[in-house]
Amino acid sequence: MSHHHVVIVGSGPAGLTAAIYAARANLQPLVIEGEPSSTSDQPGGQLMLTTDVENYPGFPEGIMGPELMIKFRDQAMRFGAEFLTEKATSVDFSERPFKISVREKQFTAEAVIVSTGAQSLMLGLEAESRLLGYGLSTCATCDGFFFRDQEIAVAGGGDSAVEEATFLTKFASKVTLIHRRDTLRASKIMQERAFKNPKIDFMWNTVVEDLVGDSKLEGAVVRNVQTDEVSTLPVTGLFVAIGHRPNTDLFKGLLDMDDNGYLITKPGSTLTNVPGVFACGDVQDHTYRQAVTAAGSGCMAAIDCERWLEAGD
């Protein structure tokens with residue numbers, strides 16, 4: 001059993017930024033970064049599934065998502081952060097030092113920073129892994145710019161889907177909203193905006209069955225759930241907006257969560273309901289979900305953690 005001042009669970013922009021700040025504060029953090037084979041909390045988080053990142057400050061020419069995360073990681077290592085490329089399997093926050101288990105290995109920590117992130121819910125199609133980042137996306141604010149003057153589609157019917165479709169009309173020539181029902185679940189005001197937008201078409205009672213294209217999305221195979229009629233929608237972009245799921249299973253019953261499973265932090269801070277346990281990034285942010293906001297909250301968590309340890313309680 002090895003003891004650490006701080007253990008960081010998760011390694012996306014939030015966890016790695018927390019590692020940089022904690023390491024520079026001489027807290028010698030251990031980062032349990034996840035497993036490469038894991039679809040939920042893999043090392044580097046969701047940016048490992050992103051091709052071009054053009055909205056992260058400091059990279060005017062853009063940067064590949066995995067490359068950006070490698071730079072974050074290298075920076076944390078330079079200041080003394082340790083990394084374990086495995087997945088935490090259980091935690092015990094009932095007393096200090098806290099216990100974090102990775103299969104048969106056990107680690108103890110005076111403080112823990114949770115940054116396990118969230119994952120976009122996907123359609124469950126085999127082609128998704130091949131085309132994610134190549135016409136298939138889960139983030140309009142990240143990738144909308146790449147679809148200027150193109151015909152694209154959004155799958156979903158809730159607030160996020162309607163919001164993404166509306167946002168995408170700033171770039172695309174046409175946006176088709178594909179929804180499996182005949183009415184939207186989005187709030188009335190958002191629905192009204194979408195219905196009034198001449199660039200948005202609605203494809204009701206329809207689901208996406210398959211994706212066309214080998215190295216780049218060329219179309220979406222759709223099926224009408226009432227008639228079973230199958231057709232191909234010729235789009236160069238498809239945005240999946242059917243929700244997100246925070247990676248919080250490990251903390252159920254231990255940390256306070258909202259109805260959707262996101263960790264609850266005290267307003268203006270990264271403090272959870274357990275003193276000495278902090279949360280940052282998409283695991284507690286269901287509003288912004290950007291790399292830059294995740295990194296900012298990672299900085300907050302490290303500073304909150306350092307001050308808490310200094311206070312001695």
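The values are calculated or read from the model by the stated rules, or taken from the named source; none is laboratory data. The structure presented is a predicted model; accordingly, all values stated were derived computationally and were not measured. Glycine also receives a Cβ, built like all others from the backbone with ideal geometry; neighbour counts cover every protein chain displayed.
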ask   = Within the stretch 160-173, can you find the residues that are in contact with a Ser or Thr (Cβ under 9 Å, 6 or more places away or on another chain) and surrounded by fewer than 17 Cβ atoms within 10 Å (Cβ to Cβ)?
value = Phe167
query = Only one of Asp282, Asp259 is outside the structural domain of Gly219 (by TED's automatic domain parsing), buried (at least 24 other Cβ atoms within 10 Å of the Cβ) and more than 17 Å from Tyr21 (Cβ to Cβ); which?
reply = Asp282
ask   = Considering Ile63, Ile70, which residue is of a type in the set (A, V, I, L, M) and free of Cβ contacts under 8 Å to residues at least 12 places away in the same chain?
value = Ile63
Residue satisfying condition, being in contact with a strand residue (DSSP E or B) (Cβ under 9 Å, 6 or more places away or on another chain) and farther than 21 Å from His286 by Cα, within set Ala165, Ala194 = Ala194
query = Got a sec? Which of Ser129, Ser115 is within 29 Å of Thr85 (Cβ to Cβ) and not assigned by TED's automatic domain parsing to the domain that holds Thr89?
reply = Ser129
key: Odd one out for Lys71, checked against (1) in a loop (DSSP other than H, G, I, E, B); (2) closer than 30 Å to Leu132 by Cα; (3) basic (Lys, Arg)   = (1)
task = Taking only the stretch 261-313 into account, find how many residues are part of a loop (DSSP other than H, G, I, E, B) and either among the acidic types (Asp, Glu) or at negative phi (or both).
result = 19
message = Could you check the stretch 4-34 and list, in sequence order, the residues that are in contact with a helix residue (DSSP H, G or I) (Cβ under 6 Å, 6 or more places away or on another chain) and outside any helix (DSSP H, G or I)?
response = Val6, Ile8, Gly12, Ala25, Pro29, Val31
request  = Only residues that are of a type outside the set (S, T, N, Q), surrounded by fewer than 22 Cβ atoms within 10 Å (Cβ to Cβ) and touching a residue at least 40 places away in the same chain (Cβ under 8 Å): list them for the stretch 285-313, please.
outcome  = His286, Arg289, Val292, Gly296, Cys299, Ile303, Glu306, Trp308, Leu309
message = Could you list, ordered by first residue, the pairs with Cβ atoms under 7 Å in which the first is in the stretch 22-34 and among the acidic types (Asp, Glu) and the second is assigned to a loop (DSSP other than H, G, I, E, B) and surrounded by fewer than 23 Cβ atoms within 10 Å (Cβ to Cβ), at least 6 apart or interchain?
response = Glu33/Thr85
request  = Could you list all residues from the stretch 35-47 that are closer than 30 Å to Trp308 by Cβ and either in a helix (DSSP H, G or I) or at pLDDT below 80 (or both)?
outcome  = Ser38, Ser40, Asp41, Gln42, Pro43, Gly44, Gly45, Gln46, Leu47
